[in-house]
Amino acid sequence: TIQSLEYDPFGRYLAVGSRVKSLTLYDTSSLRPVKEFTYSGWVTSISWGTGSMENLIALRIGPKLIILIDLRPFHILPVTMKTARMEGKGSSRMEGSSLSWSYDGQFIARANGKEVVIADAGSSFKDIAVDMRSDYVRCVR
């Protein structure tokens, strides 16, 4: 089952995330798969980098893991970003599954439970701002 999909900013690739714990990149000119990555959980959100980060893809894997993939060459970057704690043991709620880059690629925002968190891509993705909300945040754009 497809969980998320998004075109890169230039329309060269389509990233497709699924509940079978994979991300597949397709070449849009041939509609053929270029690369597939497998993970320990569902790919719940995909956000292509913009501006100076246009060769990065940010992925939310399930409710607790954020991964960055560099397309030059294909490899996973060793970046960790804080994610929300889920309510109750075995909770399947997907609050905080959204990611979004700023137009220039300098920042990446993420829904994080009852927070919107912004990280600075220029400083190893360290959190620089947190906005506390009264309800769960499901999407940032």
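Results, tabulated for the structure shown:
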{"quantity": "When residues of the range 95-138 are limited to those that are touching a Lys or Arg at 6+ places or on another chain (Cβ under 9 Å) and on the phi > 0 side of the Ramachandran plot, the one surrounded by the fewest Cβ atoms within 10 Å (Cβ to Cβ)", "calculated": "113"}
{"quantity": "All positions within the range 13-36 that are assigned to a loop (DSSP other than H, G, I, E, B) and either under 21 Å from residue 139 (Cα atoms) or open to solvent by less than 100 Å² (accessible area, probe 1.4 Å) (or both)", "calculated": "19, 21, 28, 30"}
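The values are calculated or read from the model by the stated rules, or taken from the named source; none is laboratory data. If you're wondering where the values come from, they're calculated on a predicted model, not measured in any experiment. Using ideal geometry, Cβ is built from the backbone for each residue, glycine included, and neighbour counts are taken over all protein chains shown. Keep in mind that these areas ignore ligands, DNA and RNA; they rest on the heavy atoms of the full protein, side chains included. Shrake-Rupley method; radii C 1.70, N 1.55, O 1.52, S 1.80 Å.
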